[in-house]
Structure formats: structure tokens, C-alpha cells
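The values are calculated or read from the model by the stated rules, or taken from the named source; none is laboratory data. Not measured: the values here are computed from a predicted model. Note that we place each Cβ from the backbone using ideal geometry, even for glycine, and neighbour counts take in every protein chain shown. These area figures cover heavy atoms from the full protein model, side chains too; ligands, DNA and RNA do not enter into them. Shrake-Rupley method; radii C 1.70, N 1.55, O 1.52, S 1.80 Å.
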Amino acid sequence: MSVPTTPRRPAALPRHSLVLARRSLAKSLRDPGSLVNGVMTPAIFMVLFVYLFGGSVSGSTDAYLQYLFPGVLVMGAGIAGMLSSGLTINIDMKKGVYDRFRSLPIGRSAPLLGSVLADLVRYVITVLILFAIGFLMGFRVETDAVSAIAASALAIGFGFALSWVMVFLGVLMRDETAVMAFTFIAILPLLLGTSMAAPVETLPGWLRSWAEINPVTHVMDAARALLTGTPIGDTVTWTLAWSAGLVAVFAPLSVWAFDRER
């Protein structure tokens, strides 16, 4: 007599991850702090930079806005990624939420993947809001709709890659204060030591050396080329390579660190 077995459902990991992503988004609706920070911080930078320095840097605020906005777009997706996943996961682990997840018959990476998938929705919202603010300030896409979508996709994809770095740190660190401190320390050189506010060629030597190897510079230059028609060079290739490399390294490390905490 054969023993009845429970039939396996196909694509269990994607289903479980999507359920947990929905949970994370529901939490964001109740406490939208990270999303607000991801939008407001780059928006404030954009307003201040355009109206304080636009005339002296580019001759007019309109011309400077055309240069600055693509960098702000990348900054928005980057900050949203750095502020959300790692901190949320760290807090949930301290509260014992992930201990409950480990007792469920789900893939060990489903809680992490669910959190990062929820972040993708936050990035899309952040990018749309920043486009709306930029449009109201006078920014206009100088290429076409396909290029604008491609620029947005690059910014969102890089934010997704950065979020895996923060997931790894969120699992590894014991306190959310340490996660927040590292995030804000990393934001300054990573997102501001770039071509966002001024061309790399105009920066002092030591800062130019950093900006030229900073992966965020490649993302910002790629977005600027796609949105305003400047020479694109190999910036898209570098952006895709950096994004893929960060995910390939830090996604497995995050799962390993999370599994080690059992």
C-alpha cells in the first residue's frame, strides 16, 4: 500500500517571495518613512543645487537642471535601496519575525528575496515621483520615451543591486543603529563623489580619481546620455557589469549570512 504524499506546487520560491514582498509593501503603507526619505532627500538636493548653483555652473537654472536631474534620479533609487531593505531586515530579525519564517516550509532565501522585490516597487514609485518633480521644475527628456524608460531601468537596476549589499549588512550587523550609521556614511562618498553635480573633468585631482572609478558615476553618466542625448560611450556596459557583479556577490553572501543565523 503506497503512502500518500503531499503534491508539490510548482515555483514555490517565487510564490513565497511574492507573498513576503506583499507583506513588506503593506508595512511600507503603514510606515512610509524610507520611501519618503528616498524621494525627499534627492528632491531637496535637486532644488538646492539648481537654484543655488545653477546660474554659476551652467549659466542658467534650466541648463543645470538638464544636467543634474539624471544624477538625482540615480541618487533617488540608490538612497531608497540603501535605506529600506537592510534596516527592515535587521529590525525584523531582532523582533524574531524571521525566526517564524524559518519555521515555515519556505525557501531559505524567500524572506530576503521578498524584501528586495518589494524594494523594486519602491524604486519605481521613487523614480516616477522624481520625474514628476523634475517636470514641474522644467526638466524635459531630450531623447525619446524608450531612452527615458531605459534610463529609469538602469537606475532601478542599480538600486536593486545596492539593496543586496545592504541586505547582507542588515543580516550581519546586530543593531539597526549600526546599519543606519553605515548607510549614511556610505551615501556621502558613494552618491556625491560622482559626476552628479559637475562633470568629472572639473573636479580636483583626488576627487576626480575617486569619481572616475566610482560605479555610481557610470550609472549617472548612462542615465544622462539616455535622457539628454550626451555621448553614451561604454557607460551602459559598465552599469550593467557593476549591477550584475554586486548581485552575484552579495545575494549569495546574504543568503549564507541569513542561513548562518539559524
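I'd like the full set of residues that are without any contact (Cβ under 8 Å) to a residue 60 or more places away in the chain, surrounded by 13 or more Cβ atoms within 10 Å (Cβ to Cβ), not in a helix (DSSP H, G or I) and not hydrophobic (A, V, I, L, M, F, W, C), limited to the range 208-259.
214, 230
Mind checking which residues of the range 152-172 are within 24 Å of residue 222 (Cβ to Cβ) and either surrounded by fewer than 17 Cβ atoms within 10 Å (Cβ to Cβ) or small (Gly, Ala, Ser) (or both)?
Selection gives 152, 153, 155, 157, 159, 161, 163.
Take the range 121-130 and flag every residue that is of a type outside the set (Val, Ile, Thr) and open to solvent by 50 Å² or more (accessible area, probe 1.4 Å).
Result: 128, single match.
Evaluate the following for residue 118: is it part of a helix (DSSP H, G or I), more than 25 Å from residue 19 (Cβ to Cβ) and at pLDDT 80 or above?
On the way: part of a helix (DSSP H, G or I): yes; more than 25 Å from residue 19 (Cβ to Cβ): no; at pLDDT 80 or above: yes.
Considered against the rule, which asks whether it is part of a helix (DSSP H, G or I), more than 25 Å from residue 19 (Cβ to Cβ) and at pLDDT 80 or above, residue 118 comes out as no.
Taking the range 173-207, which residues are over 28 Å from residue 93 (Cβ atoms), open to solvent by 30 Å² or more (accessible area, probe 1.4 Å) and assigned to a helix (DSSP H, G or I)?
192, 201, 202, 205, 206, 207
With the structure loaded, tell me whether residue 156 is under 25 Å from residue 131 (Cβ atoms) and in contact with a Phe, Trp or Tyr (Cβ under 6 Å, 6 or more places away or on another chain) or whether it fails that test.
So residue 156 fits the description; yes.
Can you name every residue in the range 75-112 that is among the β-branched types (Val, Ile, Thr), closer than 25 Å to residue 177 by Cα and at pLDDT 70 or above?
Listed by number, the residues that qualify are 79, 88, 89, 91.
Working only within the range 187-209, note down all residues that are of a type in the set (A, V, I, L, M, F, W, C) and in contact with a helix residue (DSSP H, G or I) (Cβ under 7 Å, 6 or more places away or on another chain).
The answer is 187, 190, 191, 196, 197, 198, 200, 203.
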